[in-house]
1. With an 8 Å Cα cut-off and a minimum separation of 6 or more residues, compute the relative contact order for the chain in percent.
2. Within 10 Å of each residue's Cβ, count the other Cβ atoms and sort 333, 344, 191 from fewest upward.
3. Starting from the coordinates of the alpha-carbon atoms of the range 259-380, obtain the Kirkwood hydrodynamic radius over all distinct pairs and give the value in Å to one decimal.
4. What angle, in degrees between 0 and 90 and rounded to the nearest 10, separates the Cα long axis of helix 33-44 from the longest principal axis of the Cα atoms of the chain?
5. Could you tell me the relative contact order of the range 141-207? Use alpha-carbon pairs under 8 Å, at least six residues apart, and round to a whole percent.
6. Need the full-extension length gain, residue 330 to residue 312, defined as separation in residues times 0.36 nm minus the C-alpha distance. One decimal, nm.
7. Over what distance in Å are the Cα centres of the range 92-158 and the range 334-385 separated?
8. Fewest first, what order do 275, 162, 335 take by the number of other Cβ atoms within 10 Å?
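Every number here is computed from the coordinates shown, using simple stated rules; none is lab data. This structure is a prediction, so every number in the text was calculated from the model and none was measured. Glycine gets a Cβ as well: all are built from the backbone with ideal geometry, and neighbour counts include every protein chain shown.
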Ligand SMILES: Cc1cc2nc3c(=O)[nH]c(=O)nc-3n(C[C@H](O)[C@H](O)[C@H](O)COP(=O)(O)O)c2cc1C
């Protein structure tokens, strides 16, 4: 769905590492491994994560596309090592150990790619599926998104997120206009929630649910500010920015619904309460409210983009659900793998990365330019607000 940027990731959860390539990115943007590391560290945080995040300290190495600290306009290749690989390389994930000596995973986990995946590819070992379908892959998306975030920042565009619900614990609605401090504020909370009382309730819900061998889902909100009017288009279904944002968010493992602006709630109110009146502020046409979440007719309208995404509870359970062995057809319980109990805070950081990729692409599509200075000049020349 992206028009100008392309990205590709490769890698298994317990393989040697993750590779990523970002193509179509402009020259002249200052990026560094340290900048990318900040977002990778934010993805690793969050109350309710499992043991894996204690093993990994994600660092993306920049392999190509950079000289003297600035992008070259050529493909940017990144590499993230899986530190956990040392625990797996001589056993289950070894290329040398004969296949027969490695026990197969044969009890599919409900809620995972396990069963449909083995049926699709005709595998007898669920590990062939679970290694790639794992959300470990999203570490690379966060790294590629961090590169795009740096480009967007140069244009005055900020992206931030916070968690608004975990299980039944929902934060009171807040009105956000300035995103500059929002991420720092959210990052100080173990659940990335901006409301202290809700934060405490969320933590105790995670504790109780985890102690019962169960898992937790929730909702996060991703916001973007400083956007020029007219990113995306109403002219074709696949150029609509809202469609791209929804697809990007839904592509994150375990996301089950995405809404823009007031989302589902607009269905409950009359039109007079669903739409944003147009007002004049100096020479600028603004909106008196932002029910639309910054996108109308598939295009940015200059207001804050607001996207809410719901995540289902983690499917690997300490007290596993019923399953059937794909080898013996005997009933059993689902396979257990080291697992998070809650990953909603981490998912919100992944949401930021996906929005950064979509918005960087939309900027390049509308304004064009091979280098940062050209893109800036094109924006200025366009006279767009
Ligand atoms: C940051 C993050 C961490 C996750 N950690 C786990 C985990 O530890 N165990 C697990 O079973 N699922 C985990 N998931 C969810 C699964 O990856 C996801 O449910 C699975 O790939 C099936 O995809 P679907 O739910 O989109 O259909 C995680 C998801 C995210 C976004």
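1. Working: 795 pairs, mean separation 91.1, N = 385.
It rounds to 24 percent for the chain.
2. Details: 333 14, 344 31, 191 27.
By the 10 Å Cβ count, ascending: 333, 191, 344.
3. On the way: mean 1/r = 0.0526 Å⁻¹.
Computed over the range 259-380, the radius equals 19.0 Å.
4. 60
5. Working: 53 pairs, mean separation 20.9, N = 67.
It rounds to 31 percent for the range 141-207.
6. Additional length available on full extension: 3.7 nm.
7. 21
8. 275, 335, 162
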